[in-house]
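Enquirer: The structure that follows is given in the form of structure tokens.
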Amino acid sequence: GDVLKYGSLNCTYVISKKPEGLPVSERAIPVTIFKADSAVRRQYLSLWCRDSFHSQSVISVRDVLDWEYYKERLGKAIQKIITIPAAMQKVSNPVTRV
């Protein structure tokens, strides 16, 4: 997850895939909710994700994560670290999938 720091305040969060269509900033979920009691977790995740999660007895971070968002971020990081420097050195792209 990402970390938000402001003075002594520290909040680690993940980006949820729901509610779909909302900006990333509105889909941030504090990681600590996944350590809460299952009833509290379900209550807040249902509110934040606008999903009742009826079909699931246990809600894990894997059920909530926006995997496409994180794959895109990984691709951009690989591009910054590997692909762009390789192109500047006139080396063919060593990571063709990015």
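The values are calculated or read from the model by the stated rules, or taken from the named source; none is laboratory data. Just so we're clear, the structure is a prediction, and the values are computed from it rather than from any experiment. Don't worry about glycine lacking a Cβ; one is built from the backbone with ideal geometry, like all the others, and counts go over all protein chains shown. What goes into the accessible areas is simple: the full protein's heavy atoms, side chains included, and nothing from ligands, DNA or RNA. Shrake-Rupley method; radii C 1.70, N 1.55, O 1.52, S 1.80 Å.
Enquirer: Can we say Ile29 is touching a Leu at 6+ places or on another chain (Cβ under 6 Å) and open to solvent by less than 70 Å² (accessible area, probe 1.4 Å)? Walk me through it before giving the result.
Expert: Working: touching a Leu at 6+ places or on another chain (Cβ under 6 Å): no; open to solvent by less than 70 Å² (accessible area, probe 1.4 Å): yes.
Taking the combined requirement at face value, the residue does not satisfy it.
Enquirer: Can you say whether Ser8 is open to solvent by less than 50 Å² (accessible area, probe 1.4 Å), at pLDDT below 95 and not hydrophobic (A, V, I, L, M, F, W, C), as far as the supplied structure shows? Quick ask: steps written out before the conclusion?
Expert: On the way: open to solvent by less than 50 Å² (accessible area, probe 1.4 Å): no; at pLDDT below 95: yes; not hydrophobic (A, V, I, L, M, F, W, C): yes.
No; evaluated as a whole, the condition is false for this residue.
Enquirer: Check Ser52, Ser92 and return the single one that is closer than 22 Å to Ile33 by Cα and more than 17 Å from the chain's Cα centre (by Cα).
Expert: Working: Ser92 fails: closer than 22 Å to Ile33 by Cα.
None of the other options fit; the residue is Ser52.
Enquirer: Which members of segment 41-75 meet the condition of being surrounded by fewer than 11 Cβ atoms within 10 Å (Cβ to Cβ) and either free of Cβ contacts under 8 Å to residues at least 12 places away in the same chain or farther than 20 Å from Pro23 by Cβ (or both)?
Expert: So in segment 41-75, the residues surrounded by fewer than 11 Cβ atoms within 10 Å (Cβ to Cβ) come out as 47, 52, 54-55, 57-58, 60, 62, 67-68, 71.
Within segment 41-75, Leu47, Ser52, His54, Ser55, Ser57, Val58, Ser60, Arg62, Lys71 meet the criteria.
Enquirer: Looking at (1) open to solvent by less than 60 Å² (accessible area, probe 1.4 Å); (2) in contact with a Pro (Cβ under 7 Å, 6 or more places away or on another chain), find the lone condition where Ile82 falls short.
Expert: Exception for Ile82: condition (1).
Enquirer: Also: Filter segment 45-98 for residues that are among the charged types (D, E, K, R) and over 23 Å from Val31 (Cβ atoms) and give the result. Write out each step before concluding.
Expert: Going residue by residue through segment 45-98, those that are among the charged types (D, E, K, R) are 50-51, 62-63, 66, 68, 71-73, 76, 80, 90, 97.
Those that are among the charged types (D, E, K, R) and over 23 Å from Val31 (Cβ atoms): Lys80, Lys90, Arg97.
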